[in-house]
Amino acid sequence: MEIPVYLFTGFLDAGKTSFIQGTLEDKRFNSGERTLVLLCEEGETELDVSRYPSQNVYIETIEEPEQLTAENLTALQKKHRAQRVIIEYNGMWLLSTLFQNMPKNWVIYQEMLFADANTFAAYNANMRNLVVDKLGSPELVIFNRAQKGLDKMTLHKIVRGVTRRSEIAYEYSENDVEYDNIEDPLPFDKDAAMITIEDSDYALWYRDLSEELNVYDGKKVKFKGQVMVDRSVPKGCFIIGRPLMTCCADDIRFAGLVCEWTDVSTLKSRDWVVLEASISIREHACYGRVGPVLTAITVVKTDAPENEVATFY
């Protein structure tokens with residue numbers, strides 16, 4: 001049986017518990033389903049079970065990330081015969097710990113990130129890796145405790161530096177919520193006959209391509225990238241991309257794409273080239289799934305860009 005999971009993330013005292021309390025007091029959400037609440041941190045606010053319209057709510061505490069195992073989570077769900085799970089996640093734990101260890105039949109139905117509008121920029125400055133981790137997958141980012149006249153652009157840029165998918169909301173009071181409507185025009189024209197990507201925009205383009213695969217099917221693109229060729233790459237193909245840094249030097253990875261070309265033998269790993277190519281969205285052995293496959297039109301060797309590592313800033 002599929003178990004719906006409602007995941008609420010954010011740092012300590014960001015408002016997660018208060019939101020969960022209000023959600024479970026709502027008869028439209030809590031109409032009798034057996035609900036397991038997993039609390040992964042202890043804040044100033046505690047859940048008040050006595051106020052729930054249905055008493056089929058069971059609270060368990062997860063004190064250490066080592067407790068996040070499929071076996072333990074399954075045991076807790078079966079212990080209470082829970083039909084769904086709510087998780088208040090610890091902001092100091094990486095989400096990968098949860099995602100890699102969730103039982104196979106647990107499915108994230110909703111993920112929301114709560115943040116104090118007055119402290120989030122400081123968290124981003126001092127714990128960038130944890131902020132990026134939490135911004136990777138929520139459907140909605142809620143900045144609560146917001147004041148009128150808030151510098152929304154600063155918060156907007158932090159979110160959009162990681163994802164363009166999440167909605168953003170600013171909560172001034174319980175009944176006064178404003179949704180973010182700041183436009184984010186891309187620095188390249190996706191409707192151009194040849195989409196030209198400047199060196200400084202590779203990270204933005206790579207992310208947009210990953211999120212909007214179908215939009216790029218059949219398009220043509222021109223960009224500078226580094227070549228990777230070895231025995232693991234099928235004959236007639238090479239990998240082209242850039243080292244990409246999301247938050248810090250420790251998370252630099254090669255963000256590459258498959259490119260088909262008949263003259264691959266003229267290239268060697270670490271060459272920099274300017275590539276013009278057409279894009280098709282299809283399955284490829286290098287991905288093991290459907291992905292963007294480039295077909296080279298021209299490949300011209302060139303010098304490395306001024307900054308070899310691509311960033312979102």
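The values are calculated or read from the model by the stated rules, or taken from the named source; none is laboratory data. A quick note: this is a predicted structure, and the numbers were derived from the prediction, not measured. Glycine also receives a Cβ, built like all others from the backbone with ideal geometry; neighbour counts cover every protein chain displayed. These accessible areas exclude ligands, DNA and RNA; they are computed on the full protein's heavy atoms, side chains included. Shrake-Rupley method; radii C 1.70, N 1.55, O 1.52, S 1.80 Å.
A few remarks follow.
- Rounded percent of accessible protein surface that carbon and sulfur make up, segment 12-167, 1.4 Å probe: 47 percent
- Per residue accessible area in Å² of segment 167-288, where ligands, DNA and RNA are left out and the probe is 1.4 Å: 53 Å²
- Unit charges on C-beta of K, R, D, E only; dipole of segment 50-192, Debye: 360 debye
- Placing +1 on each Lys and Arg Cβ and -1 on each Asp and Glu Cβ, with no other charges, gives segment 163-313 a dipole about its Cα centre of roughly 1280 debye.
- Between the amide H of Ile297 and those of Glu276, Ala277, Ser278, distances stay under 5 Å, these residues lying 5 or more places away or on another chain, with hydrogens modeled in the peptide plane.
- For segment 214-313, the relative contact order is 33 percent, taking Cα pairs closer than 8 Å that sit 6 or more residues apart in sequence and dividing their mean separation by the residue count.
- Between Glu2 and Ile59, the distance separating the two model label sites (each 7 Å from Cα on the Cα→Cβ line) works out to 3.0 nm.
- For segment 147-286, the share of alpha carbon pairs falling in successive 10 Å distance bins from zero is 10, 34, 30, 16, 8, 3, 0 percent.
- With distances taken between every two different alpha-carbon atoms, segment 178-233 has a Kirkwood hydrodynamic radius of 13.3 Å.
- Net dipole in debye of the chain [+1 Lys, Arg Cβ; -1 Asp, Glu Cβ; about Cα centre; nearest 20]: 1040 debye
- Put simply, the amide H of Thr196, placed in the peptide plane, has neighbours under 5 Å in Asp189, Lys222, leaving out anything fewer than 5 places away on its chain.
- Heavy-atom surface of segment 29-155, accessible at 1.4 Å and reported per residue (Å²): 49 Å²
- On segment 218-313, 50 percent of the accessible area sits on carbon and sulfur atoms, based on a 1.4 Å probe.
- 20 °C / 1.002 mPa s Stokes-Einstein diffusion coefficient of segment 69-209, Kirkwood radius on C-alpha pairs, µm²/s: 122 µm²/s
- Net lengthening on full extension, Leu94/Asn126 (0.36 nm per residue, minus Cα-Cα): 9.9 nm
- Computed extension gain for Ala75 through Arg28, at 0.36 nm per residue and net of the alpha carbon distance, reaches 14.1 nm.
- Computed from the C-beta positions of Lys301 and Arg231 and an R0 of 35 Å, the FRET efficiency is 0.95 to the nearest 0.05.
- Only one residue of Ser18, Gly225, Ala70 has its Cα farthest out toward the positive end of the dipole of the chain, where Lys and Arg carry +1 and Asp and Glu -1 on Cβ, and that residue is Gly225.
- Pairwise centroid distance, computed over Cα atoms, of segment 198-263 with segment 6-80, Å: 41 Å
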